[in-house]
1. If the only charges are +1 at each Lys and Arg Cβ and -1 at each Asp and Glu Cβ, what is the size of the charge dipole of the chain around the Cα centre, to the nearest 20 debye?
2. Mind checking which of Ala365, Tyr348, Leu24 is farthest towards the positive end of the chain's charge dipole, using Cβ charges of +1 (Lys, Arg) and -1 (Asp, Glu) about the Cα centre?
3. Only Cα pairs within less than 10 Å get springs; with that Gaussian network setup on the chain, which residue of Glu170, Glu287, Glu145 has the largest fluctuation?
4. For segment 282-292, take each phi angle, set θ = phi - 60°, evaluate the Karplus expression 6.51 cos²θ - 1.76 cosθ + 1.60, and give the result in whole Hz per residue in order, putting x for glycine and proline.
5. Per-residue HN-Hα couplings for segment 381-392, Karplus 6.51 cos²θ - 1.76 cosθ + 1.60 at θ = phi - 60°, whole Hz, x for Gly and Pro?
6. By how many degrees, between 0 and 90 and to the nearest 10, does the Cα long axis of helix 234-247 differ from the longest principal axis of the chain?
7. In whole Hz, what ³J(HN,Hα) sequence does segment 51-58 give by Karplus (6.51, -1.76, 1.60; θ = phi - 60°), x for Gly and Pro?
8. So between Gln159 and Val335, what do we pick up on full extension, going 0.36 nm a residue minus the alpha carbon distance?
Amino acid sequence: MSDPVRRRIDAVWRMESPRLIAGLTRLLHDVSLAEEMAQDALVAALEQWPEAGIPDNPGAWLMATAKHRAIDRLRRLKLAERKYEELGREMQEEELAMPDFDAELDDDIGDDLLRLIFIACHPVLSTEARAALTLRLLCGLSTDEIARAFLVSEPTMAQRIVRAKRTLTEARVPFEVPRGGELGERLASVLEVIYLVFNEGYAATAGDDWMRPALCEEALRLGRILAELAPQEPEVHGLVSLMEIQASRQHARLGPRGEPVLLLDQNRARWDLLLIGRGLKALHRAEQLGGGLGPYALQAAIAACHARARRADDTDWMRIAALYDALAQIMPSPVVELNRAVAVSMAYGPAAGLELVDALQSETALKNYHLLPGVRGDLLFKLGRLDEARAEFERAASLTRNAREKELMQRRAAECSEPRLH
């Protein structure tokens, strides 16, 4: 198979697999079996399309093939009768034998995708399992790609995904969008997973690269889909806004050797104005929906303050500090407080920020968080307390698992000695 044909098939799979798995899950009520049948259809496409050509409607072709494979599989395993009883009127044998594939493919596609998102991000799964399953089912990534993204072995990731699907089956998680009060709880889980995927791409927790742009792109794609499927949910638009604005800085966040470039040192001419515009539009949409800004929309508002500043010196740090005050009220956490301390230091001076950071020293959650000594070192450096600053930067370097961030902290530690040479 030629590389161009393989790339086209891969692209079709990335676009169509979430819809395919979602539609099959609606019919089969089993996400594991649905994915297996979808994979069978992909194998068939890899065998037939290089010779026959890619169909005009590849999604319909894959759906038809997958459903035929599903029927054959059920019959071969002598599970058809039980499955038909479970599906009841929804899926009669005669309809399966001669289905209207185009109609089935188009039926409730949006609802199916939304249901699949809520299944993949179900709280019955661990956060890590939710992230892996989301990338697998909704982004079409291979197990190897997901394993490399999160720096674990392929067998470990494969086991994680298998266990996640088994857990969903054993818990009898219904293929539906939750209603009432449960919707808010489950939506929070969905948004958490999407943002987790984005953050792992935006600032990798470990490895040699500071960023993994492919993960940012997948998270953004998921967020945009969710915003179309749930247009009245302000926090969905808030998260999309936050990701769009943060993604706009990607090209400015790395130096020529792949080293990190911090926000205030970035060349803002390299920020993507299209993404900034999309982010500001999404934030406006979240604000229009009313009800007060939630955690993601507040973080997006903070990101918007940076996006609107043509120069670092133009940043409205007082507004950012006030927004962090509001964020700390509705989403209190030591990490939010650390970020608030940075904003306060920029608005009111490093001494004011250091006072807040010192109050966080005893926080158990930040005990091994490299950014705590990193921030403290920066504030001490600005106050001229260089020996203390160097010790903090060295501690930050020892705590981070990312090679690029370690180099940055070591460079900052070395800077603490430079003034003494003059």
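Bear in mind these aren't lab numbers, they're just calculated from the coordinates by the rules spelled out. Only a predicted model underlies this, so the values are computations on that prediction, with no experimental measurement involved. As a convention, Cβ positions derive from the backbone with ideal geometry for all residues, glycine included, and neighbour counts pool all protein chains shown.
1. Charge dipole of the chain: 1180 debye, to the nearest 20.
2. Farthest towards the positive pole: Tyr348.
3. Glu170
4. After applying 6.51 cos²θ - 1.76 cosθ + 1.60, I find 5, 5, 4, 5, 4, 5, 5, 6, x, x, x Hz.
5. Per-residue couplings from phi come out as 4, 5, 8, x, 8, 5, 4, 5, 4, 4, 4, 5 Hz.
6. 60
7. Ordered by residue, 3J(HN,Hα) equals 8, 8, x, 6, x, 4, 10, x Hz.
8. Between Gln159 and Val335, full extension yields 60.2 nm more.
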